[in-house]
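The values are calculated or read from the model by the stated rules, or taken from the named source; none is laboratory data. Because the structure is a prediction, the values reported are computed rather than measured. Here Cβ is always computed from backbone atoms with ideal geometry, including for glycine, and neighbour counts include all displayed protein chains.
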Amino acid sequence: MKTMTLNHYLNQVLCTDEPALNLLFSRLFQEVTYTKNTMIYQKGKMPFFLCYLQKGAAMALSQSAPKRQVLRIWEPEQFICPVGFFSHAPMSHSVFTLEDCTLYMLHFKPLYQFLSKFPIAYKILNAIMKEEIRLLKRNIKSLSQNSGFQNHEALLEALSITYNE
Amino acid sequence: MKKLQFNMQGIRVLQRELFSLNDAELAVEILLLRSNLFAWIEKHFELNDKDREAFHLLSPASREFLAVWLSNRFALRKSIHFTVIRS
């Protein structure tokens with residue numbers, strides 16, 4: 001399946017109305033590939049980067065087995081946008097890959113340099129955060145309504161996920 | 001890219017060259033265009049003194065508008081229609 005590049009995602013999904021800055025912004029990201037079951041963000045550590053998940057899936061878990069709880073699932077063409085990235089707070093949970101992933105990462109230093117040069121680019125961040133809030137609400141609704149997710153241990157077993165802190 | 005004549009034909013040629021670039025190369029052009037419009041124009045076109053004078057007569061707001069408009073069109077790989085009028 002062909003996935004949308006970050007630049008196209010910013011133009012077509014987030015509709016930021018800033019195509020030139022979208023292109024420049026998307027060039028700040030670095031492509032990385034993670035294999036299944038790799039930690040992207042670790043609980044207790046500062047999140048120094050934003051991620052655009054182009055391919056694969058990721059999951060946030062509250063803590064180690066046996067009390068672990070699924071907090072969030074990310075699908076392709078979504079941003080992983082930790083709150084601590086903006087508030088400089090450590091992660092309250094860990095995020096790891098559910099399958100082999102292609103991610104685009106943006107560290108805070110080039111982001112702030114870019115925003116300093118083009119303050120209007122805050123519109124892009126606002127659009128990302130708005131979409132993040134929409135997805136978070138959808139995720140909460142999905143987790144609370146879908147009883148299958150309550151049995152997340154079985155799901156993680158089925159996916160052969162062996163996450164431990 | 002070699003310098004072009006600052007006329008309709010030159011603008012058409014430049015657009016074709018810009019649209020043949022990959023995203024990384026286009027981003028370099030757009031960064032310069034957005035940061036310093038006149039430097040970008042000078043990079044691509046042969047300008048005479050009157051052209052330069054006319055450009056410097058534009059208000060900062062007009063230059064900013066032109067830089068934003070041009071960069072947005074080029075980022076979407078959409079062509080522009082631009083008439084150079086010389087008195």
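A count restricted to segment A:1-43 and to residues that are touching a strand residue (DSSP E or B) at 6+ places or on another chain (Cβ under 9 Å), more than 12 Å from chain B (Cβ to nearest Cβ) and in a helix (DSSP H, G or I) stands at 1.
Between residues in segment A:10-23 that are within 15 Å of A:Pro119 (Cβ to Cβ) and residues that are modelled with pLDDT of 90 or more and among the basic types (Lys, Arg), which pairs lie under 7 Å by C-beta distance while being six or more apart or on different chains? Pairs found: A:Thr16/A:Lys123; A:Glu18/A:Lys123; A:Ala20/B:Arg34. Here A:Cys81 meets each of (1) within 14 Å of chain B (Cβ to nearest Cβ); (2) crowded, with 17+ Cβ neighbours inside 10 Å; (3) closer than 20 Å to A:Glu131 by Cα; (4) out of contact with any Phe, Trp or Tyr (no Cβ under 8 Å at 6 or more places or on another chain) with one exception, condition (1).
Answer yes or no as to whether B:Phe55 is closer than 24 Å to A:Gln113 by Cα, of a type in the set (Phe, Trp, Tyr) and either under 11 Å from the mean Cα position of the chain (by Cα) or part of a helix (DSSP H, G or I) (or both). The answer is no for B:Phe55. All of B:Phe38, B:Phe6, B:Phe45, B:Phe74 fail the test of being of a type in the set (A, V, I, L, M, F, W, C), more than 10 Å from every other protein chain (Cβ to nearest Cβ), out of contact with any Lys or Arg (no Cβ under 9 Å at 6 or more places or on another chain) and surrounded by 13 or more Cβ atoms within 10 Å (Cβ to Cβ), apart from B:Phe6.
Go through segment A:116-130 residue by residue and tally those that are within 14 Å of chain B (Cβ to nearest Cβ) and part of a helix (DSSP H, G or I). Give the derivation first.
Restricting attention to segment A:116-130, the residues satisfying the condition of being within 14 Å of chain B (Cβ to nearest Cβ) are A:116-121, A:123-124.
After this cut, where a residue has to be part of a helix (DSSP H, G or I) as well, the list is A:116-117, A:119-121, A:123-124.
Looking only at that region, the number is 7.
Apart from one condition, A:Pro47 fits all of (1) more than 13 Å from the chain's Cα centre (by Cα); (2) not in a strand (DSSP E or B); the exception is (1). A:Glu99 fulfils the conditions (1) out of contact with any His (no Cβ under 9 Å at 6 or more places or on another chain); (2) under 23 Å from A:Met129 (Cβ atoms); (3) not hydrophobic (A, V, I, L, M, F, W, C) except for a single criterion, (2). Scoring B:Met1 on the criteria (1) surrounded by 14 or more Cβ atoms within 10 Å (Cβ to Cβ); (2) at pLDDT below 95; (3) in a loop (DSSP other than H, G, I, E, B) leaves a single failure, condition (1). Kindly establish whether B:Ile30 is within 23 Å of A:Thr5 (Cα to Cα) and touching a Phe, Trp or Tyr at 6+ places or on another chain (Cβ under 9 Å). Taking the combined requirement at face value, the residue satisfies it.
May I ask you to list the residues in segment B:22-40 that are in contact with a helix residue (DSSP H, G or I) (Cβ under 7 Å, 6 or more places away or on another chain) and of a type outside the set (Lys, Arg)? First the steps, then the outcome.
Filtering segment B:22-40 down to residues in contact with a helix residue (DSSP H, G or I) (Cβ under 7 Å, 6 or more places away or on another chain) leaves B:23, B:26-27, B:29-34, B:37-40.
Within segment B:22-40, B:Asp23, B:Leu26, B:Ala27, B:Glu29, B:Ile30, B:Leu31, B:Leu32, B:Leu33, B:Leu37, B:Phe38, B:Ala39, B:Trp40 qualify.
Yes or no: B:Ala67 surrounded by fewer than 14 Cβ atoms within 10 Å (Cβ to Cβ), under 13 Å from the mean Cα position of the chain (by Cα) and either in a helix (DSSP H, G or I) or within 12 Å of another protein chain (Cβ to nearest Cβ) (or both)? Here the answer is no, as B:Ala67 does not meet what is asked.
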